[in-house]
Every structure is written in structure tokens, then in C-alpha cells.
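Let me begin by presenting the structure, written as C-alpha cells, before commenting on it.
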Amino acid sequence: MRFSKIRTPHICKEGQIFSWASLIYSFGISLILPIFPNFIESIINSETFVGYFYSSMSVSMAIAGLTTSFFYKKFSRMGILYFAFVLGALLTMSFVFVNGTYTLFVLEFFRVFVLMYVLMTLALLVRDFAKANDLGKTEGFYFLFSNIGWFFGPIIGGVIARYAGNEPVFVMSGISLIVGLFYMARQHIVVENPSLESPAFEEKKVKAFDKFKKFIENKNRIVSYFISIFLISWMAFKTVVIPLFVADNGYGSDTTGLVISLCILPYIIFEMPIGRYADKKGLRLPIMSGFFIIAFFALATYFSPIFYLDALFLIFANIGAAFIEPLRDVYFFTNTEKKDEDALYGVFITADPIGRFIGPALVSTSLILLPFDYVFVVFAVLFVVAGCVSVLIKDKSIPRKP
């Protein structure tokens, strides 16, 4: 089956609206990326345990994923989106008042839970309005807008923190989410779409174990699950390690923001060409190559003698991640019949919290046992393993039924 036949956001009025909303959301939450690991370190007084803190937040993500069937059944998706924007904004701005570990943990736990609903709901709304063609173009369009937000947010957040402190960054991040709410509220979306009036779930209840059993019946879905775990662990790794690494080398939050933002450039440059390549040639080569690219540059960072070369290698490593990001969901959908998508996607999405647990936990464990630089060796080995797993990808998928 061709990559372009999978259901995905279509470039229509609604698809563009949700893409802009994703840009605003990505910009808002990425403002705090350059400061948050060091902010956590200042509260818990331990660089080593920052990774474990991030790993604990994966529990919140898992709970958010597991409660979707309840909330989407009880409330409209637009209502959930509006509420999540408001509560996410309030929780983010509340970090201004944090001065203890317990308060930090509780606020971040609920903030992650709420913002996961913004992310999941936007993705589902885009898919609900999607048409079955132009996937390469429309998928790239949606990811492009999201990555533009991820590019500008860290730069601006890092500069603000450097010259005005952390508090204005948290406030601006919250305000950005409020802007996202007002933007969505002012759009004239076609209300006849069923996803806006009632949940897109069948009345028949399906037990979680039955979903899991159905999911693992297809070996390709299992491979897609591990691919997603590996990719998300890299994203979590970057979130934790880059701010700590830059600070350990004596540079400020503005430098951290610049490095994080430049790490987004490969996604903006490569994701659409990779989508077009996958249309014609398949998924295995770009995904497998992507993991080996990450492994190569992670190991190169360990051997690099100077900080600026380290930063360059970390940026180049994201070329590999850009090869994988637009394809990980695609491999799942190519091996799932349309009638099973809603039920099985809930199982597939649990790979995200698992990856966000493994990545930071592996960082902290490495820092306990080894010098800081060895964390890059550990992750290089991890992504060599990921590349080997990717060899199992089969580009021929099952026939999709309406």
C-alpha cells in the first residue's frame, strides 16, 4: 500500500486551522524547554535525579492516554480542547510560585496530563476532517507548522530567561496557550462534522486486554510500537540532556534555546521530502537509516573535543529523527484496518509514555554510574539496537478496508 493512501490531515480549511493551533501550542510549551531541566535541578538540588523526575511524568501521560475513552465519550472533542487550553495555561503560569519539590511534582503531573489532551485532541480532529489522498503533502503541512513553533519557542524562551529570569517565560508560555484557545474559538469550523458533536467511539465497550490481544496479533504493529518507543526516548533524551549539558559547559539559557531550536531545523527540512520518498520507495530504509544516524552522531558527541562541535553533532543527530517522526504512525496505520484504528491506536499511543520513561530514566541511571559524557555512548548503543529492530520493517501492508 502506498504511503499516500493512509488517512491523515488533508489540506482543507479545517486542516489549516488545526495546523495553526498546533503551531501556537508548540510555541507555547517549547518556550520553557531551555530552562525547565535546570529549573527542576534548582528545586530538587540534584542534576542526577532530573531524568527520574521526567520519567515519573510518563505516568501522567499514560493516565491521559488510558482515560481518553471515558472523556471522549462524555464530552465533545472541541469542549475538551478548550478546557485543556485554559487549564494548561493556568498550570504553566503557576510555576512562578513553585519553591518546593512536592508542589513542583504535583503541578507538572497535572500540566502534562492536561497538555497531552491538547496534543491528542488536535491530532484526532485533524484526522477526523481528513480525506484519503494527498497524505505526503498534508502530513508534511501539519508537522511543518508544529515544528515552526518548536523552532521559535526555545530561542525566544532562552533569551527572555537570560535577561529577565524564568518567571516571564512561564507567564508567556501560559499566555500563548490562551492565544491558542481564542484562535480556535474564533474559527468557523463546520459543526456538522460528527466529531464535534459526539465522540467518535462505538457504543460497544471493548476491554483493554482484548485491544492489546488484537494489537499483538500483527507482528508489524509490534515493530511499529518499538519504533515509536525508541523515537520518543530520543526526544525525551534531548529535552533533559541538552539544557544540563549546555549549563555544565558554562553557557546560559540563550545558548540552550539556540541549540534546542536548531535541533528542529532537520525536521523542517527533511520531513516533507521523506514523506514523498516513502510514497515511492517504502518506510524501511528511512526509518532504519534514521536510527543509525542518531547513533553515529551521539557517539561522535562523546569523542568531540569542543563544545561547539558537540552542539553541531547534536543538531545533526536530529536528521535521523526527522527521517522517522512522520513515518512512525504511518507504519502503524498501514498495518491496521480502518475499522480497528480507534481501538488499537489507544494501545499504540502508550509507546509515548514508555519512551518518555525510558529516555530520562536511562539518562539519570547513566549519570549515577558514569561520567556525564558517557550518556552519549549509552544512547548510541540504544539506537544501534533500534536500527537493527528496524530491519524487521515490511513495506507491504495489509489491505485497508472501509
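Since every read-out is calculated from the coordinates, none of them should be taken as a lab result. Since this is a predicted model, take the numbers as computed values, not measurements. Don't worry about glycine lacking a Cβ; one is built from the backbone with ideal geometry, like all the others, and counts go over all protein chains shown.
Values as computed for the structure displayed
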{"item": "Principal semi-axes in Å for segment 3-390 [√(5λ), Cα gyration tensor, largest first]", "result": "31, 25, 20"}
{"item": "Extension gain from Tyr302 to Tyr183, taking 0.36 nm per residue of separation minus the Cα-Cα distance", "result": "38.4 nm"}
{"item": "Computed magnitude of the charge dipole of segment 3-390 (debye, nearest 20; Cβ of K, R +1, Cβ of D, E -1)", "result": "1060 debye"}
{"item": "With at most 13 other Cβ atoms within 10 Å, longest stretch of the chain clear of loop GluC sites (Glu not before Pro) (DSSP)", "result": "1-191"}
{"item": "Full-extension gain in nm, Trp20 to Lys339, via 0.36 nm per residue minus C-alpha separation", "result": "111.9 nm"}
{"item": "Among Ile222, Ile293, Ile306, residue whose mean-square fluctuation peaks in a GNM of the chain (springs only between Cα atoms under 10 Å)", "result": "Ile306"}
{"item": "Filtered trypsin sites (Lys or Arg not before Pro), segment 310-342: DSSP coil and at most 15 other beta carbons within 10 Å", "result": "none"}
{"item": "Length added when fully stretched, Lys213-Asp248, from 0.36 nm per residue minus Cα-Cα", "result": "8.0 nm"}
{"item": "Residue exposure sequence - Lys73, Lys213 - by fewest surrounding Cβ within 10 Å", "result": "Lys213, Lys73"}
{"item": "Computed E for Ile269/Phe75 - FRET, C-beta separation, R0 41 angstrom, nearest 0.05", "result": "0.60"}
{"item": "Label point distance in nm, Ser46-Asp279, each placed 7 Å from Cα along Cα→Cβ", "result": "5.1 nm"}
